[in-house]
1. Consider ASN137 carefully, then state whether it is buried (at least 18 other Cβ atoms within 10 Å of the Cβ), modelled with pLDDT of 95 or more and within 24 Å of TRP234 (Cα to Cα).
2. Would you please list the contacts, defined by Cβ atoms under 6 Å and residues six or more apart or on different chains, that run from a residue in the stretch 218-235 that is outside any helix (DSSP H, G or I) to a residue that is among the hydroxyl-bearing types (Ser, Thr, Tyr)?
3. Those residues that are more than 13 Å from SER140 (Cα to Cα), out of contact with any strand residue (DSSP E or B) (no Cβ under 6 Å at 6 or more places or on another chain) and not in a helix (DSSP H, G or I), I need them from the stretch 201-217; list them, please.
4. Does the stretch 236-256 hold any residues that are over 14 Å from PHE24 (Cβ atoms) and touching a residue at least 24 places away in the same chain (Cβ under 8 Å), and which are they?
5. How do the pairs read when you match residues in the stretch 69-87 that are within 15 Å of LEU52 (Cα to Cα) with residues anywhere that are part of a helix (DSSP H, G or I) and among the charged types (D, E, K, R), using Cβ under 6 Å and keeping only pairs 6 or more apart or on different chains?
6. Does at least one position in the stretch 47-56 carry a residue that is in contact (Cβ under 8 Å) with a residue 40 or more places away in the chain, acidic (Asp, Glu), in contact with a helix residue (DSSP H, G or I) (Cβ under 8 Å, 6 or more places away or on another chain) and not in a loop (DSSP other than H, G, I, E, B)?
7. Over 28 Å from ALA121 (Cβ atoms), surrounded by 19 or more Cβ atoms within 10 Å (Cβ to Cβ) and among the charged types (D, E, K, R): is that true of ARG50 in this structure?
8. Kindly indicate the residue of the stretch 24-46 that is in a loop (DSSP other than H, G, I, E, B) and out of contact with any Lys or Arg (no Cβ under 8 Å at 6 or more places or on another chain) and also nearest to GLU250 (Cα to Cα) among those meeting that condition.
Amino acid sequence: MKKVNVCILQSDGTNCDNELFYAFKKFGGNPQFVHINELRNRPKTLKDFRILALPGGFSYGDDVVSGKIWAIELISFLRDEIENFRKRGGLIIGICNGFQVLVRCGLLPFGNMGKMDATLAPNDSGHFECRWVDLKNEKSKCVFLKGDYGVGHFAVNHGEGKFLGNAETLKKIETQNLVVFRYVDSDGNPIQSYPENPNGSLNAIAGVTDPSGRILGLMPHPEKFVDITQYPNWRREKLIKPHGAFIFEEMINYIKENS
């Protein structure tokens, strides 16, 4: 079977693209770096890919607010390209800055490209958070994450990660089962308080999907824990499997099983 082509989208300021490339390649994908200008100027097209991945970093220096300029660029120049990609059944993942972009362009949480329904605000702590936190997956509409993966360690590196929406938006997210990950305490319970919740995200939301279940966005970085030795306490905790691996494995397997 042919390997799954993965578009690792780049812009000025992305800096977690190499880690994302490595994660997809390790689990059987065929990742390729594609600068957004290559899609805008059409030497490359999303027709050649089954997964679109937006990495973390500081796109365009996080000018205005994190991810805003890249989001405007997607809406203004690539709306039809992305909508056609979605109609063909492609999967989309955005991590950290990539998540901010997906929220600000409207693809998350409700799949309304061009309509911003939620936001990612500055951390309640008032500073950049760079450390490890625990996440637990929820039963959600995400089509490629259907198992119970338990609690896992994930790295966070962000200054604007507080998932924020009005009461109506949060209710809609919850009732439609769009929450994929929550920040949890040592007992595995969702937590609103610092430091376990690193940014103050409402309802402890760390990652969401859209109603189609084909788009996933999360603030923590699963691509930074796909090898056991990437976690500093791997010997002490006697970990068997890296906690971020399942996301990339499941995305690749889903495409292979549904091709």
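The values are calculated or read from the model by the stated rules, or taken from the named source; none is laboratory data. On a predicted model such as this, the values are computed, not experimentally measured, just so you know. So basically every Cβ, Gly included, is an ideal-geometry build from the backbone, and we count neighbours across all protein chains shown.
1. So ASN137 passes the test.
2. What qualifies is PHE225/TYR231.
3. none
4. Within the stretch 236-256, just HIS243 meets the criteria.
5. Matching pairs, first to second residue: ALA71/ARG104.
6. no
7. Considered against the rule, which asks whether it is over 28 Å from ALA121 (Cβ atoms), surrounded by 19 or more Cβ atoms within 10 Å (Cβ to Cβ) and among the charged types (D, E, K, R), ARG50 comes out as yes.
8. Result: PHE27.
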